[in-house]
Amino acid sequence: MAGGIATALGAKSIRGNQRINNATTESPWVRRLIIGTGLFYFTIFLLLPLGAVFVEAFRKGVDAYLAALVEPDAMSAIKLTLITALVSVPLNLVFGVSAAWAITKFNFPGKRFLITLIDLPFSVSPVIAGLIFVLVFGAQGWFGSWFLDNDIKIIFAVPGILLATIFVTFPFVARELIPLMEAQGKEEEEAAIVLGARGWQVFRYVTLPNILWGVIYGVVLCNARAMGEFGAVSVVSGHIRGETNSLPLHVEILYNEYNFAAAFAVASLLAVLALLTLLIKTYVEWKAAQVNAQHKED
Amino acid sequence: MGIEVKNINKLFGEFKALDDVSLNFPTGKLVALLGPSGCGKTTLLRIIAGLESADSGQVILEGQDASNSHVRERQVGFVFQHYALFKHMTVFENVAFGLRVKPRRERPGEAQIKEKVLNLLKLVQLDWLADRFPSQLSGGQRQRIALARALAVEPKVLLLDEPFGALDAKVRKELRRWLRRLHDEIHVTSIFVTHDQEEALEVADEVVLMNQGHVEQVGTPDEVYDRPATPFVYSFLGSVNLFHGRVEGDVVHVGPHQLEHGGSSVANGSSVVAFARPHELSISKSPDAKGVHAVIERVLKFGATARVELIGVDINDHKKQQNYEVELTRAEVAGLNVKEGEHVILVPKRLSVFEHEEEVA
C-alpha cells in the first residue's frame, strides 16, 4: 500500500516540477490506471479501516471516549503494556547491539547458525511462541511443579507476558544492525585500536556513533511490536482483567462484550501509537539516508 | 634495531599466506613491501601491527619480542588504504583521538592536545581543514589526515597499507613525493605496502619483493632493478623481454638462433630463461649479427625515447607468438631507418640467464 502513496506522490512531483520525458514514461491512461489502482487499494485497506477506528471510537461522544480510557481495567491494561515495552525494549536493545557487534566484528565457528537462530522468532507463529512458554513454564510444563512448589507464577502472570513479548521482539534490533555493521566493516575499529583505544572506548566513540540511527530504528520497530503483540501474549496471559490484560487483549474483550465504542476507543490508542511509530520511522529513515549519503562520498 | 620478523608463518585455511618469512627493517628507514596481490605483503604488515596473529614466528620491535603483546601496546601507527577516518568526527578530533583515549595518567591536557594536533596538521599542510569532516575532503587530503592521526601517538613504527592505492594517478604521484619528503623530516621507521613497482622504487630506501608468501629479494631500489635475484623479480620490476632456450658455453640457443650472454653460473646444456630489458636490446640489420630474428610490428615515437614492438620469427619450439619490445633513442631510430614489417635481428647488450624452473609471466 505504501507503493500506492509513493506512486501517487511520485506522479504529482513529476507533473509539478519536471518536464515529462516521453522516452521513459508510460502513456497518460496507463499512468492513471496504475495510480488509480494504488490509491484504490490504499483507501480500501488502509485509510478506511484507520478512519473507522476513530469514527467508531467517538461515536458516543468525547466523554464516552475518555471514560473508556480512564476506566480501571483500561488503565491497568495501559500500565501493563507500558511495563512490557519498558522491560522488553531495553533488554532487546542490549542483546541486539551485542549480538550484532559479536557477529559482525569477530569471526567464530557457528556464526551462520547464530544468525539463523536470531531469526527464529520471525519464522515461528506467535501463538506457537506462546505455547512454547506454556509448555516450559506452565503448571503442566517441564518446570511447572518446581515453580508451583516455590510459589512463582510465570504463566497467566506478568512474567509470562514479558517472556513471550521478548521472544517475539527478539530479532528487531539485531536484524537491523547486522547488515549495517557488516557494510561498515571493521577498519575504523581497527584504526581506533591501533591508536590505543580500549574495547569500550572503541564501542562508545567509534562504533556507536556510526550505528546510532540504525539502533533508533530498531528500537522504534521493537517498541511497536512489543506494545502491539497479540497472539503470543494472548496464549500466556490468561485474560485476567485488571491483571494480565495488555491493550490488544483488552480491545478484544471489550469487543466480545459488544462494547464497541470502548473497544474502538482503546484501539485508537494503539492506532495513534502506530502512526507515531511510522512518523518516527520515516524521520529516522530519512536521517539515516542522509548520513549514509554523506558517508558514501568517502 | 628497528623491526625484525623471524620465521613468520600464516595459513588462511588451506592457503599459505606467509611461508617462513624473516626480515629485518632498519631503524629510520622507509621500506617498501612490494609484490602482486595475494603475495602476503598486507598480511605481513598486519601481523607486525598486531591486527593479525601469525601461526608461528616472532615480531621484534625495538629489540623486544612483541609477538604476544596487544596492538595497543605495540606503539605502531597504521595508515589504511581506505583511510578509515572516523566519519562523525572533525579532522581535528580525528587527529586528537589517539591522545584522548590515553589512560588519565598519561593523557595530555586540553591545551597540549590542541597544540600537538595543530602542529601535526601543519606538518601535513592541512591546518586550515581542522574543522571539516572527512566527507568534505578529497582522497589525498584524507590520507594525509590519516597519516597525521597515526603520528599523533608518536609511534615507534609507521605502517602504511597501500596508502595511495585508492587515489587517482596524479594525486598518487604528488603524494608519494610528499611522503618521501615527510619521511626525511621525521625519520620514523616506516614500512609501506604496495603493488606498484614504480611507487616502491621511487619512494623507498629499501625494497622487499614478495611472491606467494615468501621473500624473493631485499635491496635498494637500484640493486633490485639492476640485479634482480630471481626471474620473478626480473619480470615484476619493469617490462622485460624473455627468451627460452638452452645454455651452451657463452651463448644461449633460442630455437635456431644464438644470443651471447655475459657469463652465468648455470650448467652447460640446461634449459634456461634469459631476460633483457627493452633498453638492453639493440636492433641490427646486418644478416650475420648474432641474435634473435624478429619482424617489426610497430614503431612508437612519442615521448623522449622510441619504442619498437616486434614479433619473433623461426622459433618453432614455442607455439605461442613471441613479442619483444625495444627501447631506443629517437636518434637511433632515425639512424636505423626501421620500417614496420621489416625483418631484423635483436642483439642483447646485456642478458641475464636463469635456470628454467617455471613459466614466468
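Summary table below
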{"quantity": "Only Lys, Arg (+1) and Asp, Glu (-1) charged, at Cβ; the protein assembly as shown dipole about Cα centre in debye", "calculated": "2260"}
{"quantity": "For chain A, built as a Gaussian network whose Cα springs stay under 10 Å, the top-fluctuating residue of A:F170, A:F156, A:F42", "calculated": "A:F42"}
{"quantity": "Förster radius 35 Å - calculated FRET efficiency between B:E248 and B:S37, Cβ distance, rounded to 0.05", "calculated": "0.35"}
{"quantity": "Most mobile listed residue (A:L148, A:L163, A:L33) in chain A, GNM with C-alpha springs under 10 Å", "calculated": "A:L33"}
{"quantity": "³J(HN,Hα) computed for each position of the range B:329-342 - Karplus, 6.51 cos²θ - 1.76 cosθ + 1.60, integer Hz, glycine/proline x", "calculated": "6, 5, 5, 4, 4, 5, x, 6, 6, 7, 10, 5, x, 7"}
{"quantity": "Stretch gain in nm, segment B:Q212-B:R180, where the contour uses 0.36 nm per residue and the Cα spacing is subtracted", "calculated": "8.7 nm"}
{"quantity": "Within chain B, longest stretch free of exposed trypsin sites (Lys or Arg not before Pro) [DSSP loop, at most 14 other beta carbons within 10 Å]", "calculated": "B:106-284"}
{"quantity": "In degrees, nearest ten, helix B:139-152 long axis to first principal axis of chain B (Cα)", "calculated": "60"}
{"quantity": "Net lengthening on full extension, A:L82/A:I34 (0.36 nm per residue, minus Cα-Cα)", "calculated": "13.1 nm"}
{"quantity": "Residue-by-residue Karplus 3J(HN,Hα) for the range B:103-118, coefficients 6.51, -1.76, 1.60, Hz, glycine and proline x", "calculated": "x, 3, 4, 8, 5, x, x, 4, 5, 5, 4, 4, 4, 5, 4, 5"}
{"quantity": "J(HN,Hα) series, the range A:44-51, from Karplus relation 6.51 cos²θ - 1.76 cosθ + 1.60, nearest Hz, glycine and proline x", "calculated": "5, 9, 10, 5, 4, x, 5, x"}
{"quantity": "Top positive-direction residue, dipole computed over the range B:265-314 with Cβ charges, set B:S282, B:I311, B:V272", "calculated": "B:S282"}
{"quantity": "A:T43 paired with B:E115, simple spin-label distance in nm, labels 7 Å along Cα-to-beta-carbon", "calculated": "7.4"}
{"quantity": "Distance between the range A:52-85 and the range B:190-246 - C-alpha centres, whole angstrom", "calculated": "79"}
{"quantity": "Summed residue charge, Cβ within 14 Å of A:T104's Cβ, Lys/Arg positive, Asp/Glu negative", "calculated": "-1"}
{"quantity": "FRET efficiency, A:F122 to A:I152 (Cβ-Cβ, R0 30 Å, nearest 0.05)", "calculated": "0.50"}
{"quantity": "C-alpha long axis of helix B:169-186 to longest principal axis of chain B, angle in °", "calculated": "60"}
{"quantity": "Charge dipole magnitude, Cβ of K and R +1, D and E -1 - the range A:141-225, Cα centre, debye nearest 20", "calculated": "200"}
{"quantity": "Estimated inter-spin distance, B:D222 and A:F106, nm [label 7 Å along Cα→Cβ]", "calculated": "5.2"}
{"quantity": "Which of B:L34, A:G214, B:A54, positive extreme of dipole for the protein assembly as shown (C-beta unit charges)", "calculated": "A:G214"}
{"quantity": "Taking chain B and dividing mean pair separation by its residue count, relative contact order in percent (alpha carbons under 8 Å, at least six apart)", "calculated": "16"}
{"quantity": "For B:E52, residues with placed amide H under 5 Å, excluding near neighbours", "calculated": "B:I47"}
{"quantity": "Other-chain or far-sequence residues with amide H under 5 Å of B:F192's (modelled H)", "calculated": "B:V31, B:A32, B:L33, B:L160"}
{"quantity": "Highest-MSF residue in chain A out of A:W200, A:W29, A:W286 [GNM, Cα springs under 10 Å]", "calculated": "A:W29"}
{"quantity": "Among A:F230, A:P179, A:A261 the positive-end extreme of the charge dipole of the protein assembly as shown (Cβ point charges)", "calculated": "A:A261"}
{"quantity": "Lysines with Cα under 17 Å of B:K122, excluding same-chain neighbours fewer than 8 positions away", "calculated": "B:K114"}
{"quantity": "For the protein assembly as shown, alpha-carbon Rg over 2.2 N^0.38 Å", "calculated": "1.39"}
{"quantity": "Rounded to 5, the percent of DSSP beta bridges in the protein assembly as shown classed as antiparallel", "calculated": "75"}
{"quantity": "Near-label residues of the range A:200-231 by backbone N, under 15 Å of a point 7 Å along Cα→Cβ of A:I115", "calculated": "none"}
{"quantity": "Long-range amide H partners of B:H214 with built H, under 5 Å", "calculated": "B:D19"}
{"quantity": "Rel. contact order, % - alpha carbon contacts under 8 angstrom, at least six apart, the range A:204-298", "calculated": "33"}
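Read-outs: derived from the displayed coordinates by stated rules, not from any lab. It should be emphasised that the depicted structure is a prediction, and the values quoted were computed from it without experimental measurement. All Cβ positions, glycine included, derive from the backbone under ideal geometry; neighbour counts span all protein chains shown.
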